[in-house]
1. Say we look at the stretch 98-140 and pick out the residues that are in contact with a Lys or Arg (Cβ under 7 Å, 6 or more places away or on another chain) and outside any helix (DSSP H, G or I); which of these is modelled with the lowest pLDDT?
2. Which residue, of 365, 431, 360, 402, is outside any helix (DSSP H, G or I) and of a type in the set (Gly, Ala, Ser)?
3. Does residue 133 satisfy the criteria of being more than 30 Å from residue 300 (Cα to Cα), open to solvent by 60 Å² or more (accessible area, probe 1.4 Å) and not acidic (Asp, Glu)?
4. Can you tell me which residue among 217, 177 is open to solvent by 20 Å² or more (accessible area, probe 1.4 Å) and assigned to a helix (DSSP H, G or I)?
5. Answer with yes or no whether residue 94 is modelled with pLDDT under 85, part of a helix (DSSP H, G or I), of a type in the set (Phe, Trp, Tyr) and within 29 Å of residue 264 (Cα to Cα).
6. Would you pick out the residues in the stretch 38-58 that are modelled with pLDDT of 75 or more and touching a helix residue (DSSP H, G or I) at 6+ places or on another chain (Cβ under 6 Å)?
7. Within the stretch 280-338, can you find the residues that are aromatic (Phe, Trp, Tyr), open to solvent by less than 30 Å² (accessible area, probe 1.4 Å) and under 19 Å from residue 488 (Cβ atoms)?
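The values are calculated or read from the model by the stated rules, or taken from the named source; none is laboratory data. Note that the structure is a prediction, hence the values are computed from the model and not measured. Don't worry about glycine lacking a Cβ; one is built from the backbone with ideal geometry, like all the others, and counts go over all protein chains shown. Accessible surface areas use protein heavy atoms only, side chains included; no ligands, DNA or RNA. Shrake-Rupley method; radii C 1.70, N 1.55, O 1.52, S 1.80 Å.
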Amino acid sequence: MSMSPTGLTTPGKAPTQCWIGLGVIALPCILVSMDMTVLNLAVPHLAAVLSPSAGQLLWIVDIYGFMVAGALMTMGTLGDRFGRRRLLLIGAAFFGIASAVAAFATSPVQLIAARALLGLSAATLAPSTLSLIRNMFEDEGERRIAIGVWIASFSAGAAIGPVVGGLLLEHFWWGSVFLVNVPIMIVLLTLGPLLLPEYRDPNAGRLDVVSAGQSLVAALSVVWGLKRLAEHGPDASSAAMIVAGLALAAVFLRRQRRLADPIVDLSLFRTPAFSIALAVNLAGFFFMFSIFFFVPQYLQLVVGLSPLEAGLWTLPSGIAFIAGSLLSPAIAAKLQAERVLIAALVVAAAGFAVLTQVDAAGSLAVAVIGSVIFSFGLTPVITLTTDIVVGAAPPERAGSAAALSETSNELGGTLGIAILGSIAMSVYRGAMAGEPAAALSEAAQATIGGAVAVAETLQPKEAEALVSAARDAFTAGMQLTAGISVLGLLATAALAAMLLRRMQSGPSCQEA
């Protein structure tokens, strides 16, 4: 810390070691993001070798995200209590072990267990790395740059994941997509103790095990219900799980108010900037993940690209994400951060507006351009809201704040896929209900992938008609989703502008 000319204490500049340490922090972020994308490419290969049932295959794909979402809150507060560097290194060690087990799994059950451990380990990495950044970079401008690099790391992992996965699967067995994690985690375990500082709350109390269990079960129930809603449409099972999860979440929050050392520090929500940033962040992931669900399918099943070609054509949007993450701090330093946030939401809406113009003939250029624009627009939103959320928390509660930020990411993305995905799938099912060939199979009526598979068993003329109808129906659903996203992002921008203006005109936190 240093003294300002007015005599007030001001944050000091971070030493060089912190910036080198930021590069170490970026390693697990890249891997966690890659791990979410490469498995989709490996599914056909591992299914041929391990022969999982339909239910087992779903668990192989979904268990990772379930464990991440369910454990984030607990892992965030564990870092505050036991040390953020310590938790990061423990998580990295288990992530490497689980990756090796997954790579050499000989049965579906073994792979599901390894994926569960991977998700639990990944839940330690994001809040630990983000809360370490909060402590390593006290200066607001430097912290914003560091958070931009942190977000760019996730973007880089998502961008290169399909490409790396495609190359590995062309030359090696399916387990190679997991085994690539091991050497990078070894590097983290070697350099982390040398370059990363340790920090924990010196006054932290004991971890409330009951609260940890409640948060885990509540998050798992809601996420499971939302995923089932996205895949199968509304039914009693998904509704029951969502309601049960929300009810348990209410019990969890009520318990937090009574605890001296809660897992979630509800007092953070008394800061208007924190609450607004968290809500805007959730909205950004809501609309972003919904379209991420459709664009890869559009490129492969409508445009007709191979998985590797589709992965390569998603690189421009990944590069836009990385560029936006790195440029956001510099733009916010020159302009008012709140104005940058509102303008970014409008730019993202413009990108979705471009995507409303895709057609069933295969609009590759439109899909790529629209994805690049909305990716470039959403990155300042994510960077600035994450900085506000983490910066609003005192250093000793940075882990809890980071976990809340990551939970809003997971919840927003899951909600987006479930709600907007369900709307688009309803459009698809409605359009396909009258197709004669589609009536032969529930799979053809459910998804465009199912329709393409059914078409391979039909005569050429019937197959062409079915695929054409499926592409029309899928594109109509995607166009509707993009249109809703335009309206939603513009509404978010307007509401955020109003709330931020009201906050700035009202009393400050110190005056209130």
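1. Filtering the stretch 98-140 for residues that are in contact with a Lys or Arg (Cβ under 7 Å, 6 or more places away or on another chain) and outside any helix (DSSP H, G or I), the one modelled with the lowest pLDDT comes out as 139.
2. Details: 365 fails: outside any helix (DSSP H, G or I); 431 fails: outside any helix (DSSP H, G or I); 402 fails: outside any helix (DSSP H, G or I).
Selected residue: 360, the only one of 365, 431, 360, 402 that is outside any helix (DSSP H, G or I) and of a type in the set (Gly, Ala, Ser).
3. Considered against the rule, which asks whether it is more than 30 Å from residue 300 (Cα to Cα), open to solvent by 60 Å² or more (accessible area, probe 1.4 Å) and not acidic (Asp, Glu), residue 133 comes out as no.
4. Testing whether each residue is open to solvent by 20 Å² or more (accessible area, probe 1.4 Å) and assigned to a helix (DSSP H, G or I) leaves just 217.
5. no
6. Selection gives 50, 52.
7. 285, 287, 294 - these are the residues of the stretch 280-338 that are aromatic (Phe, Trp, Tyr), open to solvent by less than 30 Å² (accessible area, probe 1.4 Å) and under 19 Å from residue 488 (Cβ atoms).
Okay, residues lined up against (1) at pLDDT 80 or above; (2) open to solvent by 20 Å² or more (accessible area, probe 1.4 Å); (3) closer than 30 Å to residue 475 by Cβ:
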residue: 366; (1), (2), (3): yes, yes, yes
residue: 374; (1), (2), (3): yes, no, yes
residue: 385; (1), (2), (3): yes, no, no
residue: 392; (1), (2), (3): no, yes, no
residue: 398; (1), (2), (3): no, no, no
residue: 403; (1), (2), (3): no, no, no
residue: 415; (1), (2), (3): no, yes, yes
